[in-house]
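Have a look at the structure below before the remarks.
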Amino acid sequence: MRRNPVLDQLGTYPMATVQARARDRREAGLPVIDFSIGDPIEPTPTFIADALRAAVPEVSQYPTAHGRSDLRRAIADYIERRHGVVVDPETQVIPTSGSKEAIFSTPFAFVDRSAGDVVVIPTPGYPVYERGAMFAGADVHRVVLGDDFVMRADAVPSDVWERARLLWMCTPHNPSGSVMDRNEIAAIVDRSRDSGTLVCSDECYADTYEDDVYPDGPSSILQVAGEAMAGVLSYLSLSKRSGMTGYRSGAIVGDADAISALRTLRSTTGTASAEFVQSAAVAAWNDDEHARDRRHVFTAKRRILERACELAGMEVVASRAGLYLWVRVGDDLAVTDVLLDAGIVVSPGSFFGPGGDGYIRLALVPSKDECVAAGEALVEALA
């Protein structure tokens, strides 16, 4: 059967191979502690689940393409509390079915494949940036990040800027956990406006950080975008913030014209969340206390694993926010194999593209007790 050639170019989704080997160990009855996927195990807060259950209707009907007004208002209120920025919930907010759907589909609303449009992506980075761009027919330009894993405006060549329709950045960064400061973000926004490039800032980890390092939390692109937020979009998610990975709920916030285009696309693809999921999302965005509590749990896990890496002679790089530890190891594929034999599942950095070679990523997902056990096994395996 003929199929889209992009599928063959991309091959298997990178994490699938590691997950398959981990599954084989489980089926063989061998112990597995899985740090490879950012899918937290802490229970979804009860009040969020209660909001969902209470909203399940007797008759289930189609959700609207632009999301419920109370959800858009809750997202706008969160943005004002978290970043001190006022956005219009009617024109500058669109709820999404998680961030993956939003990130993948965005290029379809803006890329003109006949014009040779370019999508700029950071690497190492989230693989969906590239996958969405390729399926939309864009040329992809990879920016290999430096040792601090921060995206910078001057890393993009001038001729690429002139063809760039979209540029992806991520702060806090997946996979490294690096954080862009406000000046670095502003420099990208300023340069993008010279070339008419839409800047898409993946901020799905905005509420997972260390309080003592970032008392006010990491900066957002919305804080430097100006009232109209021209040419700027921020991508948000409740997956890590609220333990709602299975609910699939997120948002895009920013430029009203871009949001309008995404609404038009949404009416074609039909990917809005079910209304009872939107009820749960309203409850989640309206509460900050549960997000703070979850953040403290992730910080405790981070401390345990940082100590284990130190004892094993491995350097943790950049990781002061987000859900991951980014660890320099030398041969990432070989170390991944050694750890898997010890029952510890990690993601090799090379899975995240050029610039990721020589690192492994550990998601702060297993319990604190499992982190302690994994730390001991890690030290022994790499001794």
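General remarks:
- Residues satisfying the stated conditions in segment 94-111, i.e. of a type in the set (Gly, Ala, Ser), part of a helix (DSSP H, G or I), out of contact with any strand residue (DSSP E or B) (no Cβ under 7 Å at 6 or more places or on another chain) and over 12 Å from ALA258 (Cα atoms): SER105
- Filter result for ALA54 (hydrophobic (A, V, I, L, M, F, W, C) and either part of a strand (DSSP E or B) or in contact (Cβ under 8 Å) with a residue 40 or more places away in the chain (or both)): yes
- Filter result for the condition that a residue is closer than 13 Å to SER192 by Cβ and either at pLDDT below 95 or not in a strand (DSSP E or B) (or both), over VAL160, VAL128, VAL150, VAL119: VAL160
- Of the residues making up segment 131-140, just one is buried (at least 24 other Cβ atoms within 10 Å of the Cβ) and not in a helix (DSSP H, G or I), namely ALA138.
- Single residue of segment 57-71 satisfying the filter (in a helix (DSSP H, G or I) and touching a residue at least 40 places away in the same chain (Cβ under 8 Å)) that is nearest to the chain's Cα centre (by Cα): LEU71
- Qualifying residue in segment 321-330 (condition: under 30 Å from ALA76 (Cβ atoms), surrounded by 17 or more Cβ atoms within 10 Å (Cβ to Cβ) and touching an Asp or Glu at 6+ places or on another chain (Cβ under 9 Å)): yes
- Scope segment 53-81; condition crowded, with 20+ Cβ neighbours inside 10 Å and either modelled with pLDDT of 95 or more or under 14 Å from TYR247 (Cα atoms) (or both); matching residues: LEU71, ARG72, ALA74, ILE75, ALA76, TYR78, ILE79
- For segment 255-271, the count of residues that are part of a loop (DSSP other than H, G, I, E, B), in contact with a strand residue (DSSP E or B) (Cβ under 9 Å, 6 or more places away or on another chain) and in contact (Cβ under 8 Å) with a residue 12 or more places away in the chain is nonzero.
- Matching residues, segment 242-269, being under 20 Å from ALA55 (Cβ atoms) and either surrounded by fewer than 23 Cβ atoms within 10 Å (Cβ to Cβ) or not assigned by TED's automatic domain parsing to the domain that holds THR91 (or both): GLY243, THR245, GLY246, ARG248
- Taking each residue of segment 349-370 that is among the acidic types (Asp, Glu) and looking for partners that are assigned to a strand (DSSP E or B) with beta-carbon atoms closer than 8 Å, six or more apart or interchain, yields GLU370/ILE33.
- Candidate set from segment 15-46 (those that are closer than 28 Å to LEU238 by Cβ and hydroxyl-bearing (Ser, Thr, Tyr)); member that is surrounded by the most Cβ atoms within 10 Å (Cβ to Cβ): SER36
Residues checked against (1) out of contact with any Leu (no Cβ under 8 Å at 6 or more places or on another chain); (2) among the aliphatic types (A, V, I, L, M):
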| position | (1), (2) |
| --- | --- |
| GLY67 | yes, no |
| ASP70 | yes, no |
| ILE75 | no, yes |
| ARG81 | yes, no |
| GLY84 | yes, no |
| GLN92 | yes, no |
| SER97 | yes, no |
| PHE108 | no, no |
| MET134 | no, yes |
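- Contact annotation: residue pairs with Cβ atoms under 7 Å, 6 or more positions apart or on different chains, pairing a residue in segment 171-193 that is at pLDDT 95 or above with a partner that is surrounded by fewer than 22 Cβ atoms within 10 Å (Cβ to Cβ) and not in a loop (DSSP other than H, G, I, E, B), are ARG182/GLN223; ALA187/ALA153; ILE188/ALA153; ARG191/ALA153; ARG191/TRP161.
- Of all the numbered requirements in (1) surrounded by 22 or more Cβ atoms within 10 Å (Cβ to Cβ); (2) modelled with pLDDT of 95 or more; (3) within 26 Å of THR44 (Cβ to Cβ), ALA272 misses one, and that requirement is (2).
- Total residues in segment 245-254, condition within 15 Å of ARG68 (Cβ to Cβ) and part of a loop (DSSP other than H, G, I, E, B): 2
- Scanning segment 104-114 turns up no residue that is touching a Phe, Trp or Tyr at 6+ places or on another chain (Cβ under 6 Å) and in the same structural domain as GLY254 (by TED's automatic domain parsing).
- Evaluated against (1) among the aliphatic types (A, V, I, L, M); (2) out of contact with any helix residue (DSSP H, G or I) (no Cβ under 6 Å at 6 or more places or on another chain); (3) outside the structural domain of CYS200 (by TED's automatic domain parsing), ALA76 falls short on exactly one condition, (3).
- Whichever residue in segment 337-365 is of a type in the set (Ser, Thr, Tyr) and buried (at least 24 other Cβ atoms within 10 Å of the Cβ) and, among such residues, is nearest to ARG23 (Cα to Cα): SER347
- Number of positions in segment 44-73 that are among the small types (Gly, Ala, Ser), touching a helix residue (DSSP H, G or I) at 6+ places or on another chain (Cβ under 7 Å) and within 21 Å of ARG263 (Cβ to Cβ): 2
The values are calculated or read from the model by the stated rules, or taken from the named source; none is laboratory data. It should be emphasised that the depicted structure is a prediction, and the values quoted were computed from it without experimental measurement. Quick reminder, even Gly has a Cβ in these numbers, built from the backbone with ideal geometry, and neighbours come from all protein chains shown.
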